[in-house]
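Trainee: Take this structure first; my questions come after.
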Amino acid sequence: MMDVFYQYWKRCGTGVRFAPLFLWMVACLVFVHPLSGNAEEDYLRYLIEAARKAELHNDRYWWTLLHYRRGLIGVRSLVDDQDFFLSPRGKTDPQAELEAAIAALFRDSNSDTADAVCRFVARFAWLKERLLIDPARLPVSGCKAFDQVVASVRPKSATVIFPTYHMNSPASMFGHTLITIDTENRNKLLSHAINYAAVTDETNGLFFAVKGLFGMYKGYYSILPYYQKIQQYSDISQRDIWEYQLNLTESEVQRLMMHLWELRDIHSRYYFFDENCSYNLLFLLEAARPSLHLTDRFPLWALPVDTIKVMNEEGVIAHVEYRPSKATKIKQQLSLLTEQEQTLALSVADGKTNPEELLSLDDEQHKKTAIMDLAVNCLGYNLAKGNLSKESYQERFLEVLRVRSTLGKAADRSAMFEQPVQPDLIHGTNRASIGSGVNDGRYFIDFGYRPVFSDLLDTEVMSGQGTQIEFGNLRLRVYPEEDKVVVQELDVIDIVSISPRDTFFKPFSWKVRAGLSRRLRSDGDESTVFALNSGPGLAYYQDLLGLYYLFAEPELDLSGGLEQGYSLGMGMSAGILKQVTPRWKLHLAAKKTWFEYGEWQHPFEVSLTQHVTLSRNTAIGAHLGWTETSAESQGEVGLTWYVFF
Amino acid sequence: MKKTIVVALAIVLAVASLSYAVPKSNVGCGFGTLLFQGNDGLASQVCAATTNGSLGSQTFGISSGTLECSKPARFWAKQVDTFVAENMDNLATDIAAGTGETLDSLSDIMEVPSEKRASLYTSLQSQFDTIFPSAQVTHEHVSTQIMMIVEQI
């Protein structure tokens, strides 16, 4: 009764002036409504009125729960499933949806069934709170099914999971994020992993890619045990995982679950670039803690790592854990053994040495366990890579473990290994640059902008590897003395993956580039060409040299300025990529191309480029280059200043 | 810019994706099943794709088991079975090593008090051959053996 009193008081605003009216209304409520049979209807009308007055439909939290965005053509929800809305106009009309939701509160009479109250627990919890709704006046007070799930999951905290970059899968190149709901006193493996993904049975990679770019898949939220995701990322795809524990409170995690509950079996169109796996998880965090501003920070695209940076800026990350993949563990284990011991472990994994033989060696116990543990991981790796049949894997795996089980416990050595740089702590994704230098006696100034993401000389994205992922990299060159501006470089795409081979890992390196570049022609002139080049390579690592590589790269150049409009040929390139000190990296590269079709020429280029990192988001680069064609040669020297943001 | 990038990615995906057209199949049980079937499949790698795990109350499957006040004996038996089936390889590795996260998780499900875990892990390790008698061992056998050992400690 006091509630109603309070609400009517508020509604009347200036209570004193309308006191007689107010008293009359209270009288009506107390004496008339219970008898009239229209009490619910009146209460509903009153609540809708109150919501209008408070403009609840413009409340940010309402927009978060409904995924509303203001775009060029007005307000619309990013959710595309009509079942997500209670009003037929819900997708574009926050007010209609809000009023339909209030009305739905009175529609249900059974709290066990999946009708409106049960489907939209978060909306109703919020409405009840904001409109001070008296639960006693509603036909149902809550959703039992949801309460049961909460009781069985016992949500305690939440963690954002970031499986790192996966160069060999285009859609995972930028990593991925998911959220786990963690239970108190239960191992992380048993957490519930929330994943947003496009649902498809598509097996053709090309269709998958194209459809994903243009929103032709439906994205759904799903929940799996976290151990399944770990197996998928760590054991099968060999991706390290970073776990960002959030500082959400228990009640905030519960709100997250409420919103997630509303999204079950609800789809939105999936877009690789903006409305993707990482972006859609941000709604869950905003629903958990309304003060967070996350979803409005990504106007064009949302890289998984950038969503984590934004979370960090908003102060929602408590601490970070690193979970190395099986491949990383193998590398760590290899580093602890002598060459002879490594060979022994690999020969056990290959089935050439019977694991029993190890028992008779004079090696110390901890060496034997280290060899066995390495062999076990190698077996799993080889199976996942398809290098081993399931039958031989099963036999060898059990054989090795049987011997291993007789050797007792080994000391935990995971603390011995240095962690790679946290992915959110490397440089910013955008890069702007300004540079200047001399080319063939001509003074120039360069202006550059690269929206995404990193090149071989920027801070290392993946430790021990050369990784370059660039999109839309633009460099304009101004020759002040000639009043001339040219597009020196415009990469549509430029990806290089340099992975060293060693005794156990035998990966191929590869590169692909498409874009405009300036080319010195046989007649000594420069012209802008559209160049397409892609090819495989081999790379190795040596302590003194660093990474050294060799690529075969066929190239096609197209330009009106070329004879017959094109040049097609075969190229070879080789180089050394060396991290001299933690802040100083250099790249020495040479390339010879034999263009035999179209315009004939055999250009040779050699360059030495160095970057010195000044701070996380600034660097200086120095460049020395030499290009030679049959008729002409030119040298270039320049300095560049880079700022990341 | 957005368009440029979209077109750019379309090109690279077109080039790179051709080698990743491998169908994903259901995960079964036994040693190596998951790793074997998951190898380099498109669906297992991409950020974007999933074919299972829709969202409903049944998918909060690994519940903490404290719903009922009066628990039947070994109320967690079914959870143990599921967990063993889905973690066979890592569990065998942990039992052979006498330590590990998978083993810790299993103990959490069985609600083994922390002071008893060291001795449990030692006896599991010493009875490795009984738990995993052959390469074709089924997860039912493994979970039955483990639960028997748990009752003895």
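The values are calculated or read from the model by the stated rules, or taken from the named source; none is laboratory data. Fair warning: this is a prediction, and the values are worked out from it, not measured in the lab. All Cβ positions, glycine included, derive from the backbone under ideal geometry; neighbour counts span all protein chains shown. With ligands, DNA and RNA removed, areas are computed over all heavy atoms of the protein, side chains included. Shrake-Rupley method; radii C 1.70, N 1.55, O 1.52, S 1.80 Å.
Trainee: Let me know the charge dipole size of the stretch A:436-535 about its Cα centre in debye, to the nearest 20, where only the beta-carbon of Lys, Arg (+1) and Asp, Glu (-1) is charged.
Mentor: Numbers: 12 positive and 16 negative charges, 78 e Å.
So the magnitude is around 380 debye.
Trainee: By its C-alpha gyration tensor, with a ≥ b ≥ c as the square roots of the eigenvalues, how is chain A shaped: rounded for a/c under 1.5, else prolate for a/b larger than b/c, else oblate? Don't skip to the answer; put the middle values down first.
Mentor: Values: a/c = 2.77, a/b = 1.53, b/c = 1.81.
Verdict is oblate for chain A.
Trainee: Here is a further query. Treating cross-link reach as a plain straight distance, find the lysines whose alpha-carbon is under 26 Å from the alpha-carbon of A:Lys591, omitting any fewer than eight places away in the same chain.
Mentor: Those lysines meeting the cut-off are A:Lys506, A:Lys511, A:Lys578.
Trainee: At q = 0.14, 0.19, 0.21, 0.22 Å⁻¹, what log₁₀ I(q)/I(0) does a Debye calculation on the Cα points of the stretch A:45-137 give, no solvent, two decimals?
Mentor: Debye intensities relative to I(0), on a log10 scale: -0.48, -0.88, -1.07, -1.16.
Trainee: Find how many whole Å separate the alpha carbon centroid of the stretch A:220-275 from the alpha carbon centroid of the stretch A:356-388.
Mentor: 34 Å
Trainee: Moving on to the next point. Rounded, prolate or oblate: which one fits the stretch A:245-335, using the alpha carbon gyration tensor with axes a ≥ b ≥ c (rounded when a/c is under 1.5, else prolate when a/b beats b/c, else oblate)?
Mentor: Values: a/c = 1.83, a/b = 1.50, b/c = 1.21.
Prolate, because a/c is 1.5 or more and a/b exceeds b/c.
Trainee: Under a straight-distance cross-link criterion of Cα-Cα below 20 Å, which lysines are reachable from A:Lys368, leaving out those fewer than 8 residues away in the same chain?
Mentor: The qualifying lysines are A:Lys326, A:Lys329, A:Lys331, A:Lys352, A:Lys409.
Trainee: By accessible area of protein heavy atoms, probe 1.4 Å, what ranking do A:His192, A:His587 get, highest first? Intermediate results must be reported in sequence, preceding the final value.
Mentor: Details: A:His192 0, A:His587 30 Å².
Ranked from most to least accessible, the order is A:His587, A:His192.
Trainee: In addition: Excluding residues on the same chain fewer than 8 positions from A:Lys91, give the lysines whose Cα lies under 21 Å from its Cα.
Mentor: A:Lys218
Trainee: List the accessible area buried at the contact between A and B, summed over both sides and calculated with a 1.4 Å probe, in Å² to the nearest 100. Intermediate results must be reported in sequence, preceding the final value.
Mentor: On the way: alone 30890 and 10470 Å², together 33830 Å².
Result for this pair: about 7500 Å² buried.
Trainee: For the full complex of protein chains and a 1.4 angstrom probe, list A:His67, A:His319 by accessible area with the highest value first.
Mentor: Greatest to least solvent exposure: A:His319, A:His67.
Trainee: Taking a probe of 1.4 angstrom, what is the accessible area of A:Trp600 in Å², to the nearest 10?
Mentor: Only protein atoms counted, so the area is about 120 Å².
Trainee: Going from most exposed to least, what order do A:Phe447, A:Phe174, A:Phe453, A:Phe207 have by accessible area with a 1.4 Å probe?
Mentor: Numbers: A:Phe447 95, A:Phe174 30, A:Phe453 5, A:Phe207 120 Å².
In descending accessible area the options line up as A:Phe207, A:Phe447, A:Phe174, A:Phe453.
Trainee: Within the stretch A:412-510, list the GluC sites (Glu not before Pro) lying in a DSSP loop whose Cβ has at most 11 other Cβ atoms in a 10 Å radius. Numbers along the way, then the final one.
Mentor: Numbers: sites: A:Glu418, A:Glu460, A:Glu470, A:Glu481, A:Glu482, A:Glu489; in loops: A:Glu418, A:Glu460.
Those satisfying the criteria are A:Glu418.
Trainee: Oh, and also: In whole percent, and with a 1.4 Å probe on the protein chains, what portion of the accessible area of chain A is carbon and sulfur?
Mentor: Working: 15340 of 27240 Å².
Using a 1.4 Å probe with all protein chains present, chain A comes out at 56 percent carbon and sulfur.
Trainee: OK, next. Would you mind checking which residues have amide H under 5 Å from A:His166's amide H? H placed 1.01 Å from N; only 5 or more apart, or other chain.
Mentor: When sequence neighbours closer than 5 places are left aside, the close amide H contacts are A:Met173, A:Phe174, A:Gly175.
Trainee: Let me ask something else about it. On a C-alpha basis, how far is the centre of the stretch A:413-470 from the centre of the stretch B:138-153 in Å? Whole number, if you could?
Mentor: Centre-to-centre distance over Cα atoms comes out at 53 Å.
Trainee: Let me ask something additional. Using Cα pairs closer than 8 Å and at least 6 residues apart in sequence, work out the relative contact order for the stretch A:489-555, in percent.
Mentor: Working: 147 pairs, mean separation 20.2, N = 67.
Relative contact order here is 30 percent.
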